[in-house]
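*Asks:* Could you have a look at this structure, given as structure tokens, before my questions?
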Amino acid sequence: MGKFIVIEGTDCSGKETQSKLLVEKLESLGKKAIRLTYPNYESPTGKIIGGPYLGKEEIGPCWFPEGAVNVDPRVTSLYYAADRKYNEQVLRKYLDDDYFVICDRYTSSNMAHQGSKIKDDNERFEMYQWIDKLEYDLLNLPRPDKTIFLHVPYSYAFELKKNRISLDEHEKSEEHLKKSEVAYLELASFYNWININCIKNDKIRTIDDINKEIMENIKEYL
């Protein structure tokens, strides 16, 4: 059985960059490694999320008149869970073939972004647990061996995001991203994720510096 590692992070934290680099580093060490992303925007379920829900320009407009950030979190959670279930066999195939499977976002993203819609602390934690039960118990999706959380505070992410040309419904909402950061930090503590601070001496750490810390945290698997 392979190892399942999830790269999570706040907005502009470099999830895509670090997940790709991690695969490269593992392959350089002679390990079989593959990167998967969720939602899988190439699949039917991912396209439903990308267009009708998130309104990504390259896929299609948002269909919800209230905007994605205002859709009931349980409704939204079902779309994301369906995407993971629809694409589950690809993930399991690689794990069964002894690959390091590196996922750019997973169930943990669902928890953070949907939990952030709920103000009451107790209700928000109930939401986290509801998604946990939905995806891992009812849908029987594989749990990660390790989740690595990349944290960039919103004040820094706001500056980095200015260079982006295309933003989806979540990325356009400053309030949603701030609340998601709070939710991510709660979840990192609750689930004991590996928490990597991407800021040092008031500056964004280099890609290589962050990658070295990631590699240090998975050395037990090497």
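The numbers here are math on the coordinates, done by the rules we state, and not lab data. Just so it is clear, the model here is predicted, and its values are computed rather than measured. FYI the Cβ positions are ideal-geometry reconstructions off the backbone, even for glycines, and counts take in every protein chain you see.
*Asks:* Within the chain, which is the longest segment that contains none of the GluC sites (Glu not before Pro) sitting in a DSSP loop with at most 10 other Cβ atoms within 10 Å?
*Replies:* Numbers: sites that count: Glu42, Glu58, Glu66.
Counting only loop sites that pass the neighbour cut-off, the longest clear stretch is 67-222.
*Asks:* In what order do Tyr86, Tyr136 fall by count of nearby beta-carbon atoms within 10 Å, going from fewest to most? Working shown, then result.
*Replies:* Working: Tyr86 16, Tyr136 13.
The order, fewest Cβ neighbours first, is Tyr136, Tyr86.
*Asks:* Moving on. Add -39500 (n - 2.57) for each DSSP H run of 4 or more in the chain, then divide by its residues: what number comes out at 222 nm, to the nearest 500 deg cm²/dmol? Don't skip to the answer; put the middle values down first.
*Replies:* Values: 10 runs with 103 residues, N = 222.
Calculated at 222 nm, the ellipticity per residue is -14000 deg cm²/dmol.
*Asks:* Mind checking which lysines have their Cα closer than 17 Å to the Cα of Lys133? Skip sequence neighbours fewer than 8 apart in that chain.
*Replies:* Lys133 reaches Lys85.
*Asks:* Considering the chain as a Gaussian network with a 10 Å cut-off on Cα pairs, which listed residue, Lys133, Lys212, Lys200, attains the greatest mean-square fluctuation?
*Replies:* Greatest mean-square fluctuation among the candidates belongs to Lys200.
*Asks:* For the stretch 1-99, how big is the tail of P(r) above 21 Å, as a whole percent of Cα pairs?
*Replies:* Values: 2190 of 4851 pairs.
The calculated P(r) of the stretch 1-99 puts 45 percent of pairs beyond 21 Å.
*Asks:* If you don't mind, another one. Report the one residue of Phe64, Gly46, Tyr136 whose Cα lies farthest in the direction of the positive end of the charge dipole of the stretch 12-141 (charges on C-beta: Lys and Arg +1, Asp and Glu -1; origin at the Cα centre).
*Replies:* Gly46
*Asks:* Expected output is a single nm value to one decimal: the length gained when fully extending between Tyr221 and Val75, i.e. 0.36 nm times separation in residues minus the C-alpha distance. What is it?
*Replies:* Values: separation 146, 0.36 × 146 = 52.56 nm, distance 3.68 nm.
Answer, rounded to one decimal: 48.9 nm.
*Asks:* In a Gaussian network model over the chain where Cα atoms closer than 10 Å are linked, find which of Thr37, Thr107, Thr17 has the largest mean-square fluctuation.
*Replies:* Top of the fluctuation ranking is Thr17.
*Asks:* Using Cα-Cα distances under 8 Å and only pairs 6 or more residues apart, what relative contact order does the stretch 8-138 have, in percent?
*Replies:* Normalised by residue count, the contact order of the stretch 8-138 is 29 percent.
*Asks:* Now for a different question. Can you sort Ile207, Ile102, Ile48 from fewest to most other Cβ atoms within 10 Å of each residue's own Cβ? Write out the running numbers ahead of the final one.
*Replies:* Working: Ile207 13, Ile102 26, Ile48 20.
In order of increasing Cβ crowding within 10 Å: Ile207, Ile48, Ile102.
*Asks:* Another question about this same structure. Considering only Leu187, Leu139, Leu54, give the residue with the highest GNM mean-square fluctuation for the chain, with springs between Cα atoms whenever their separation is below 10 Å.
*Replies:* With Cα springs under 10 Å in the chain, the top fluctuation among Leu187, Leu139, Leu54 is at Leu139.
*Asks:* Distance from the Cα centre of the stretch 100-127 to that of the stretch 27-44, in angstrom?
*Replies:* Answer, in whole Å: 21.
*Asks:* Taking 8 Å as the Cα distance limit and 6 or more residues as the minimum spacing, I'd like the relative contact order of the chain as a percentage.
*Replies:* Numbers: 334 pairs, mean separation 69.4, N = 222.
Once divided by the residue count of the chain, the mean separation gives 31 percent.
*Asks:* Using only the C-alpha atoms of the chain, find the volume of their convex hull and express it per residue in Å³. Could the numbers behind the result be given before it?
*Replies:* Details: hull volume 27.3 nm³, N = 222.
Dividing the Cα hull volume of the chain by its residue count gives 123 Å³.
*Asks:* Checking the cross-link filter: which lysines have an alpha carbon closer than 21 Å to that of Lys32, excluding same-chain neighbours under 8 positions apart?
*Replies:* Qualifying lysines at Cα under 21 Å: Lys3, Lys15, Lys20, Lys93, Lys146, Lys212, Lys219.
*Asks:* Near Gly2, within a Cβ-to-Cβ distance under 14 Å, what is the net charge of the other residues, with Lys and Arg +1 and Asp and Glu -1?
*Replies:* Values: positive: Lys3, Lys31, Lys32, Arg35, Arg92, Lys93, Arg143, Lys146; negative: Glu27, Asp96, Asp97, Asp98, Asp145.
That works out to +3.
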